[in-house]
Amino acid sequence: MKTKKASKTKQKSRIIFFAIALIYNLLLGLYLKDFFVLSPMLVTLYLLSALPTLFFVPKIRSTPMRAVVLIVLLFVMVMSIVSALSCHRLLPMLKVVVTAIEMMYFGIVDNSSGKDTLLTKIYVLAVSVCIIVALILSYNFVCKPESPYLLNGGATLWDTQTEELADEICADSNTDAEKVQAIYNWMIANFEYDYNYQTLLQYFNVRRTLSTRKGVCYDFANLFAALCRSQNIPCYVVDGTPYDRSTQDHTWNRVYYDGCWWDLDVTFDIVQTKNQRKLYGFRQIDDAFVECEEYLITKIY
């Protein structure tokens, strides 16, 4: 009698945990649906959140199979953290929440014992293989992107609405130079520096930046890159620190048109325009990775 009651309790727990993970992933998918069309990287990162939910479908009884599940979930957790730190993105960290829920169930709540059927073993291994493939793809997207200056992903992430906005801004432009100038002018005219922004947890959110029309250098540089890249114009985001003030981070851009690379600082020019002072403008450079006279470059992406 006690065995049946315990079995029913465990069954309920599995359904509850499965429902929580499923609802969480459905809500996350609804929020990200406009990004999926343009960002293969985000699709793979989302798969790393959704696929582990499939482990709840069969009743896993044996310790070895649960160990396989926990190892796979650990790799997903690590990849989520690496993605978030590397890309300065909050979205990969959202996977940590659901992964932690799944690890809690299979590592603590579910203490079943017994043998698994052959079908269950094949199912668990098949799901594990799919997750491993997604892990490899995510690693390549995050750590070894082929064309980061044109990529929709990483720290610079935009959705279909952003691309439509870029098309509207550049509607009267015929060349890349004219498009870059149009995007630059539009940002200078429509944004202001957010002096109250807390930079402790700094990440770029294109929807937030476009809706508030405020931000800091990190927001403006990534938005400028997103708008340029959506028009197939190569553009890098550059992080650096002043040589004399190493604790003050700054972010700006390097964009390619007319056969060469150009340095520009949208944030500086937004502030200078408001104060009616001299602008940084566009400064021609030899290549995208040339050293900067004012800043020690820490990252180009």
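Tabulated data
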quantity: Index of the failed condition, Glu178 passing every other in (1) charged (D, E, K, R); (2) in contact with a strand residue (DSSP E or B) (Cβ under 6 Å, 6 or more places away or on another chain); (3) over 26 Å from Asp239 (Cβ atoms); calculated: (2)
quantity: Verdict on Ser39 being under 30 Å from Thr251 (Cα atoms) and touching a strand residue (DSSP E or B) at 6+ places or on another chain (Cβ under 7 Å); calculated: yes
quantity: Residue ID - farthest from the chain's Cα centre (by Cα), chosen from residues in the range 105-131 that are among the charged types (D, E, K, R) and surrounded by fewer than 18 Cβ atoms within 10 Å (Cβ to Cβ); calculated: Lys115
quantity: Enumeration of residues in the range 62-93 that are farther than 21 Å from Ile20 by Cα and of a type in the set (Lys, Arg); calculated: Arg89
quantity: Condition check for Leu151: within 15 Å of the chain's Cα centre (by Cα), over 20 Å from Thr63 (Cβ atoms) and outside any loop (DSSP other than H, G, I, E, B); calculated: no
quantity: Where a residue in the range 91-113 is of a type in the set (Asp, Glu) and its partner, wherever it lies, is modelled with pLDDT of 85 or more, with Cβ under 6 Å and at least six apart; calculated: Glu102/Pro52; Glu102/Leu73
quantity: Some residue of the range 80-90 being under 16 Å from the mean Cα position of the chain (by Cα), open to solvent by 80 Å² or more (accessible area, probe 1.4 Å), closer than 30 Å to Glu146 by Cβ and not basic (Lys, Arg); calculated: yes
quantity: Boolean, Glu168 is among the charged types (D, E, K, R), open to solvent by 10 Å² or more (accessible area, probe 1.4 Å) and not in a helix (DSSP H, G or I); calculated: no
quantity: Any strands (runs of 3 or more DSSP E) falling wholly within the range 204-296 and containing at least 2 residues that are buried (at least 17 other Cβ atoms within 10 Å of the Cβ), touching a residue at least 60 places away in the same chain (Cβ under 8 Å) and in contact with a helix residue (DSSP H, G or I) (Cβ under 7 Å, 6 or more places away or on another chain); calculated: 235-242, 250-257
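Residue-wise test of (1) open to solvent by 30 Å² or more (accessible area, probe 1.4 Å); (2) in contact (Cβ under 8 Å) with a residue 40 or more places away in the chain; (3) touching a His at 6+ places or on another chain (Cβ under 9 Å).
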{"residue": "Lys144", "(1), (2), (3)": "yes, no, no"}
{"residue": "Leu150", "(1), (2), (3)": "yes, yes, no"}
{"residue": "Trp158", "(1), (2), (3)": "no, yes, no"}
{"residue": "Thr175", "(1), (2), (3)": "yes, yes, no"}
{"residue": "Tyr184", "(1), (2), (3)": "no, yes, no"}
{"residue": "Ile188", "(1), (2), (3)": "no, yes, no"}
{"residue": "Phe191", "(1), (2), (3)": "no, yes, no"}
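The values are calculated or read from the model by the stated rules, or taken from the named source; none is laboratory data. Keep in mind that this is a model prediction, so the values were computed, not measured. Neighbour counts run over all protein chains shown; Cβ positions are idealised from the backbone, glycine included. What goes into the accessible areas is simple: the full protein's heavy atoms, side chains included, and nothing from ligands, DNA or RNA. Shrake-Rupley method; radii C 1.70, N 1.55, O 1.52, S 1.80 Å.
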